[in-house]
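See below for the structure under consideration.
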Amino acid sequence: MPNLPKRSALKEWHVIGFALFLLFIILMMLSGQKTGVGQNFSWDQFFDLWIKMSNPDWSYLPAILNPIAQTIQMALVGTLIGGVAAIPVALLAASNIVKSKIVRGLVRFVMNLTRSLPEMLLAALFVAVVGIGAFSGVCALAVFSFGMVFKLLYEAIETIDEGPIDAMRAAGANSIQVIAFAVFPQVFNQFLSFFLYTLEINVRASTVLGYLGAGGIGLYLNTTLELFRYDRTAVVILSILVVVVIVDTISNQLREALA
Amino acid sequence: MIKKKSLWQQSQPWVITIVVVGIFLWGFSGIPLNGIKSTAGQVLGSILNGLFHPDWSYVYSGDGEDLITALLETLAIAFLGTFISAILAVPLAFWAAKTTRKFFSPKSATGKLLLTVIRVFPELVLAIMFTKAVGPGAYAGVLALGFHSVGMMGKLFSEAIENIDRGPNEAIAAAGGSALDGLTMATFPAVLPEFMNYTLYRFEISVRSASILGIVGAGGVGAPLIFALSTRSWPRVGIILIGIVVMVTAIDFISGQIRKRLV
């Protein structure tokens with residue numbers, strides 16, 4: 001009779017798996033306790049909101065067309081500034097361009113810290129610094145895009161074909177020439193794709209940035225809610241949805257064409 | 001023989017350039033560049049000063065009004081919102097996945113439409129709606145994050161289902177297994193690592209989102225931050241920012257390590 005491999009009791013009874021599962025359940029329950037999940041869900045209030053919102057006040061639409069346009073403008077400008085600024089920094093963080101580990105590590109560390117702040121938080125900070133208005137929104141979006149494009153781009157640069165770089169170096173090219181003729185052509189399409197992806201995210205984000213006073217349609221979300229004009233809130237939300245879907249569709253088409 | 005380019009082919013790069021430049025010029029035209037407050041430099045200075053001299057006494061005070069409590073609440077919101085909706089997203093993902101070779105599948109199309117509708121609602125809008133239903137607090141945040149996560153994870157999961165190898169499924173069917181056998185023995189083992197990977201990825205995003213939900217009163221660390229910003233107590237802003245950065249970085253690191261082992 002062949003010797004069957006014996007499993008230790010630990011593995012036989014899946015102790016680690018069960019322990020992890022138990023830990024997971026306990027964490028769930030603790031979180032539930034912490035957040036007070038399971039209190040009364042007031043369906044009356046919730047349906048009341050929906051009923052009021054189901055009769056949108058369409059006469060409000062002309063008043064919000066301008067802020068909607070501003071929302072898209074903010075997203076465009078913020079993405080452009082952040083995306084372009086990210087290119088040189090991404091080159092500094094790529095291991096096949098910069099050989100010094102210290103420089104790379106430092107750049108990545110600083111950028112990771114920047115990336116850990118969500119857009120709304122940045123907006124809250126910029127509203128405090130530069131004041132209420134679209135400019136603070138643009139600043140927040142630019143910083144966010146900077147971090148986002150940076151990460152996607154340096155990872156893309158690290159996966160390019162090394163052949164052209166070696167060939168350029170062997171022919172005596174300096175690093176600017178290597179970047180311009182060996183790196184840039186390989187990542188340009190990907191860069192455009194990341195740019196569009198960031199733009200999509202920024203359009204979504206910029207629709208709510210105004211809630212903090214950072215310009216765009218979000219301000220109207222705040223005012224209509226505070227005045228309990230839910231019929232107008234519905235118009236605002238619907239217009240946000242339309243903008244997001246349109247921008248997403250265009251951007252997806254373009255990205256598919258780029259790929 | 002060299003083929004001559006048509007007029008459209010010749011002018012295409014120029015047309016694209018002009019359109020793109022035009023779009024961005026229009027974009028810049030809507031942004032007031034003179035809207036910077038004269039005190040901007042001073043405020044920035046005080047924020048930086050606050051970052052370097054944070055209010056350490058706020059980290060833990062024991063009365064439940066401190067940073068640790070707020071951060072734990074943020075984590076709890078993200079945890080519940082992500083993992084409960086991960087389970088809810090599975091059936092929706094199977095609904096939305098296109099598993100037949102037909103050009104149009106009504107099952108998949110309706111499922112995808114539903115997921116899109118769920119996804120386009122910004123989390124903050126959802127949070128505002130749910131605060132009306134359950135009152136301000138972390139519960140509203142959990143509901144808002146959960147609802148949004150279902151849409152996103154449903155989409156990612158359904159793509160994972162569409163991309164698996166159909167071979168094992170067909171083998172089970174050929175050996176006389178039922179559809180349920182195929183699901184439990186071929187489909188689930190193939191998609192489960194992907195599901196967990198996406199869930200952890202979503203958890204990372206949720207932690208970030210949960211830290212801002214407090215702006216609309218839906219719990220988490222956002223509320224004390226907004227309060228500290230409006231009362232201009234910069235050392236407190238500093239310590240809260242440091243807390244958020246540390247929490248997000250730590251979660252990203254842990255989740256990244258687990259994800260590396262999954263795939």
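Just counting partner chain Cβ atoms within 10 Å, what average do the residues of peptide A:131-137 show around their Cβ? Walk me through the numbers on the way to the answer.
Numbers: counts 7, 2, 6, 5, 8, 4, 1.
Across A:131-137, the average partner-chain Cβ count within 10 Å equals 5.
Just give me a number: lysine pairs in region B:49-262, eight or more positions apart or cross-chain, with C-alpha atoms less than 20 Å apart. Display every interim value, and only then the final one.
Details: B:98/B:107; B:98/B:112; B:98/B:155; B:102/B:112; B:102/B:155; B:107/B:155; B:112/B:155.
The number of close lysine pairs in region B:49-262 is 7.
Using unit Cβ charges (K, R positive; D, E negative) and no other charged atoms, how large, in debye to the nearest 20, is the dipole of chain A about its Cα centre? If you can, show how the numbers build up before the last one.
Details: 16 positive and 15 negative charges, 173 e Å.
For chain A, the charge dipole is close to 820 debye.
Within chain A, which whole H helices from DSSP have a Cα span along their axis of at least 20 Å and a mean Kyte-Doolittle hydropathy of 1.6 or more, if any? Answer set is A:15-35, A:61-93. In order along region B:80-91, the Karplus-derived 3J(HN,Hα) couplings, from 6.51 cos²θ - 1.76 cosθ + 1.60 at θ = phi - 60°, round to 5, x, 7, 6, 5, 6, 4, 5, 5, 6, 4, x Hz, and Gly and Pro are given as x.
Find the all-direction average of the projected area of the Cα convex hull for chain A, expressing the result in square nanometres with one decimal place. Walk me through the numbers on the way to the answer.
Details: hull surface 99.1 nm².
Computed as one quarter of the Cα hull surface, the answer is 24.8 nm².
What angle do you read, to the nearest 10 degrees and between 0 and 90, between the alpha-carbon axis of helix B:7-29 and the longest principal axis of chain B? Value to nearest ten degrees: 30.
In terms of the Cα gyration tensor, with a ≥ b ≥ c the square roots of its eigenvalues, is chain B rounded because a/c is under 1.5, prolate because a/b exceeds b/c, or oblate? The shape class here is oblate. With contributions of -39500 (n - 2.57) from each DSSP H run of at least four residues, the per-residue ellipticity at 222 nm computed over chain B stands at -24500 deg cm²/dmol.
A helix-only calculation puts chain A at -25500 deg cm²/dmol for mean residue ellipticity at 222 nm, using -39500 (n - 2.57) for each DSSP H run of at least four residues, averaged over all residues.
Magnitude of the Cβ-charge dipole of region A:107-191, K/R +1 and D/E -1, about the Cα centre, nearest 20 debye? Kindly include the intermediate steps, with their values, before the conclusion.
Working: 4 positive and 6 negative charges, 55 e Å.
That gives region A:107-191 a dipole magnitude of about 260 debye.
Each of the peptides B:38-47, B:244-253 was scored by the mean count of other Cβ atoms within 10 Å over its residues; in descending order, highest first, they stand as B:244-253, B:38-47. Taking Cα atoms only, the orientation of helix B:188-210 departs from the longest principal axis of chain B by about 20 degrees. Take each residue in A:33-45, count the other chain C-beta atoms within 10 Å of its C-beta, and the mean is 6.
Taking every Cα-Cα distance in the protein assembly as shown and sorting them into 10 Å bins starting at zero, the pair-distance distribution P(r) comes out as 4, 15, 25, 26, 18, 8, 3, 1, 0 percent. Computed across region B:1-126, the Kirkwood hydrodynamic radius from all distinct Cα-Cα pairs reaches 22.3 Å.
The Cα center of region A:1-75 and the Cα center of region A:133-183 differ in position by 36 Å.
When the Cα atoms of region A:71-140 are aligned to their principal axes, the ranges along those axes come out at 43, 21, 16 Å in descending order. Considering only alpha-carbon pairs that sit under 8 angstrom and 6 or more positions apart, the relative contact order computed for region A:71-258 is 26 percent. Which of A:58, A:13, A:43 moves most in a GNM of chain A, Cα contacts under 10 Å? Residue with maximal mean-square fluctuation among A:58, A:13, A:43: A:13.
Residues considered: B:135, B:217, B:151. Largest GNM mean-square fluctuation over chain B, using C-alpha springs under 10 Å, is found at B:135.
Placing +1 at every Lys and Arg Cβ and -1 at every Asp and Glu Cβ, with all other atoms neutral, what dipole size does region B:49-262 have around its Cα centre, in debye to the nearest 20?
Details: 16 positive and 14 negative charges, 147 e Å.
Rounded to the nearest 20 debye, it is 700 debye.
Of the residues B:236, B:101, B:119, the one that moves most in a GNM of chain B with alpha-carbon contacts below 10 Å is B:101. To the nearest Å, what is the center-to-center distance of region B:70-149 and region B:211-260, using C-alpha atoms only? That distance is 22 Å. Placing unit charges on each Cβ (+1 for Lys and Arg, -1 for Asp and Glu) gives chain B a dipole about its Cα centre, and among B:209, B:2, B:114 the Cα reaching farthest toward its positive end belongs to B:2. Counting Cβ atoms of other protein chains within 10 Å of each Cβ in A:121-128 and taking the mean gives 6. Over region A:161-259, all Cα pairs binned in 5 Å intervals from 0 give whole-percent P(r) values of 3, 12, 15, 13, 10, 9, 9, 8, 7, 5, 4, 3, 2, 1, listed from short to long.
Rule-based calculations on the coordinates, nothing more; no lab input. The structure presented is a predicted model; accordingly, all values stated were derived computationally and were not measured. All Cβ positions, even for glycine, are placed from backbone atoms using ideal geometry, and neighbour counts span all protein chains on display.
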